[in-house]
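I have a structure here, written as structure tokens, and I will follow up with some questions on it.
FYI, it's all coordinate maths here, none of it is from the lab. Model, not experiment: these values are computed from the prediction. Ideal geometry is used to build each Cβ from the backbone, glycine not excepted, and the neighbour counts take in all protein chains shown.
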Amino acid sequence: MKYIQYTLVGNKTNIPVSVEPAKYGPKHPDGVVPTFGIESSYETGVPTFFGIAEDTFEPEEWMRELNEEEFYATMRKEFKDRARVKQKQVECGGFWISPEMFVRTDGDTQNRLAQLVTSINNDPEILTVDFEVDEGQWQTLDKDTALAIGKTISKHVRDCFSWCKTIHERLDAALTLEEMLPVVRDIVSFKANDNPPVEQPTE
């Protein structure tokens, strides 16, 4: 088995897109089974992919053959990077406290919530607070509700980081494609453990 780094080629010409655009559309080179790509390269016009080929496969001059250790190290790094991106997307993508209340969770909102909790804990005279739970949506919260929201969002953020740490550990432990694929699927499917709105039945 050979491990190959490559890019796409023209559908009719078999010339790599690093040399000329694929006028009739791109494809993966014949003889290489695509395994993963470098997501950050997709928008460059010359995406980087890695695949597996039979021992009899002769790489083109513009391809690069890797050893098994380098192939899996590159794959682990790529999916660790993807896990970090997914963790940030979920962390900052908002959170349904209940089916009726959605709260933003971007960095600024996280900071404001932390400051709000600190203020309430330090000032017993605070009974209610005005808070913008989503853009343009203000609510007056009693202090117990505000503290509960702060606690829930704090746990959401911690859970996202813990998930990412676990994914990295699973990738480090995976030694074969069969062991890595479930981890890759879990990266794709990761989402907030919140309370999305309940769909109303249609009449």
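Among the residues of region 32-56, what is the count of those that are over 22 Å from Asp81 (Cβ atoms) and surrounded by fewer than 18 Cβ atoms within 10 Å (Cβ to Cβ)?
4
It is to be established whether one or more residues within region 64-73 are buried (at least 17 other Cβ atoms within 10 Å of the Cβ) and in a loop (DSSP other than H, G, I, E, B).
There is no residue in region 64-73 that is buried (at least 17 other Cβ atoms within 10 Å of the Cβ) and in a loop (DSSP other than H, G, I, E, B).
Quick check on Val133: is it touching a Leu at 6+ places or on another chain (Cβ under 7 Å) and not charged (D, E, K, R)?
Values: touching a Leu at 6+ places or on another chain (Cβ under 7 Å): no; not charged (D, E, K, R): yes.
Judged against the criteria, Val133 is not a match.
What helices (runs of 4 or more DSSP H) completely inside region 88-203 contain at least 1 residues that are of a type in the set (Lys, Arg) and more than 30 Å from Ile38 (Cβ to Cβ)?
It comes to 107-122, 143-173.
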